[in-house]
Amino acid sequence: MNIAIYGAGSLGTIMGAFLSESDANVDLIDVNQAHVDKLNEEGAHVVGATDYRHAVHAITPDEVNKRYDIILLLTKQVFNQQVIPKVRDILKFNGTVVSLQNGIPEELIQEVLPPANIVAGSVEFGATFEGPGISRLTTEFDTFKNNAIQIGELDGAVTERTKAIQKALEPIGGISVSDNLPGTKWAKLIINSALSGMSAATNSTYGDVMDDPIGAKAAVYAMNEVVKVGKSNGIEFEKLSVLNPEAFAEITDEKAQIEIMKESLKASRSIEASMLQDLRKGRATEINYINGAVTKIGKANGILTPVNDLIVDIVSKAQDNKKVPDFDESMGQFKKLFDTNK
């Protein structure tokens, strides 16, 4: 079996390290030549919650000379217009692209690939790119090995295909099959919008956000907005291993709900959002595909999303100005938002 990890950055490097233990032919594909060279020379090195190294085979997109049975798609959505046609061209006729991108990109992917070639999913662990050949696992190791990825058919069916992919990917960690893919993707969007969005908007880790009273409040209200927008769009939220979306369907006890969030995500305290990593490198972020997707659908459905609106505004301005947000300044903006809407 030929498996490609397309976009072998922070997450893909970790997946590639463990998946290369299997009997499959695994290629880590990335545009970063220095990263590709180091992976081939020294293997994929996972640090942080563990210390693990495994030999891997890495190539750039231009070096691909085969077709794949499974392609794990991990590139950022901002590059989809260029990436998806390339992925289509290296996929076997009956092969499967497993979309593991942040947000809800499957509708756009279907403009290039037929649904019969797509399985989507949700990555449930965090990672930071440390440099060529090295990725930091920022989720507790046991949590990662028990709940690494959820996958599912676009129509929610549990098929022989999803079972086969589950088995093929098991060397990575816990792989579960969802019978409610949209609910799974939207449940992940809750975390991405609230914690990743706040991490990027405040230049901090998830833990820093949760430890700050205003940050924690903003994260809970951002979660609440995502649940409201999703439900207005016909979504039945799926429970993630770390989070029950229904706990944030209404703000009934703010203090208690903040504690639920902190307890649910305590294994992810050291995560820094990939959007924040992009801001530090002066790159385009996925803000329009994460928090921006929530605000766009909310506006269309008449749902107010003030916290997500502010996150989009802060991150977009930082992106445009090639700067990183200031923690205190951003928290001051969220405090002003809450004071105005008392």
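Before moving on, here are some points about what is shown:
- Cβ charges +1 (Lys, Arg) and -1 (Asp, Glu), total dipole of the chain, debye: 480 debye
- Label point distance in nm, Thr159-Lys66, each placed 7 Å from Cα along Cα→Cβ: 2.4 nm
- Of Lys76/Lys262; Lys231/Lys336; Lys163/Lys231; Lys145/Lys167; Lys188/Lys336; Lys281/Lys317, pairs whose Cα-Cα distance is over 20 Å: Lys76/Lys262; Lys231/Lys336; Lys163/Lys231; Lys188/Lys336
- The range 267-300 and the range 173-189 have Cα centres separated by 19 Å.
- Largest GNM mean-square fluctuation across Leu28, Leu276, Leu91, computed for the chain with C-alpha springs under 10 Å, falls on Leu91.
- Prolate/oblate/rounded call for the range 81-156, Cα gyration tensor, a/c under 1.5 rounded: prolate
- The range 169-272: relative contact order in percent, alpha carbon pairs under 8 Å with at least 6 residues between: 33 percent
- Shape category assigned to the range 137-244 from the gyration tensor of Cα positions, a/c cut at 1.5: oblate
- Cα gyration tensor shape of the range 2-178, rounded if a/c is under 1.5, else prolate or oblate by comparing a/b with b/c: oblate
- Gain in span if fully extended, Lys255 to Glu236, counting 0.36 nm per residue against the direct Cα distance: 4.3 nm
- Long-range amide H partners of Val98 with built H, under 5 Å: Ile71, Leu72, Leu73, Val119
- Antiparallel DSSP beta bridges within the chain, as percent of all bridges there, nearest 5: 30 percent
- Based on C-alpha pairs under 8 angstrom that are at least 6 apart in sequence, the chain has a relative contact order of 15 percent.
- In order along the range 72-83, the phi-based Karplus estimate (6.51 cos²θ - 1.76 cosθ + 1.60, θ = phi - 60°) of 3J(HN,Hα) comes to 8, 8, 10, 5, 7, 4, 4, 9, 4, 4, 8, 7 Hz; Gly and Pro are listed as x.
- Both radii were evaluated on the Cα set of the chain; the Rg over Rh quotient, with Rh as the Kirkwood radius, amounts to 0.95.
- FRET efficiency for Asn321 and Asn2, using Cβ-Cβ distance with R0 set to 30 Å, rounded to 0.05: 0.10
- The residues neighbouring Lys231, those whose beta-carbon lies less than 14 Å from its own, together hold a net charge of -4 under the Lys/Arg +1, Asp/Glu -1 convention.
Every read-out reported here was derived from the displayed coordinates using simple, explicitly stated rules and does not represent laboratory data. Quick caveat: nothing in here was measured; it's all calculated off a predicted structure. Quick reminder, even Gly has a Cβ in these numbers, built from the backbone with ideal geometry, and neighbours come from all protein chains shown.
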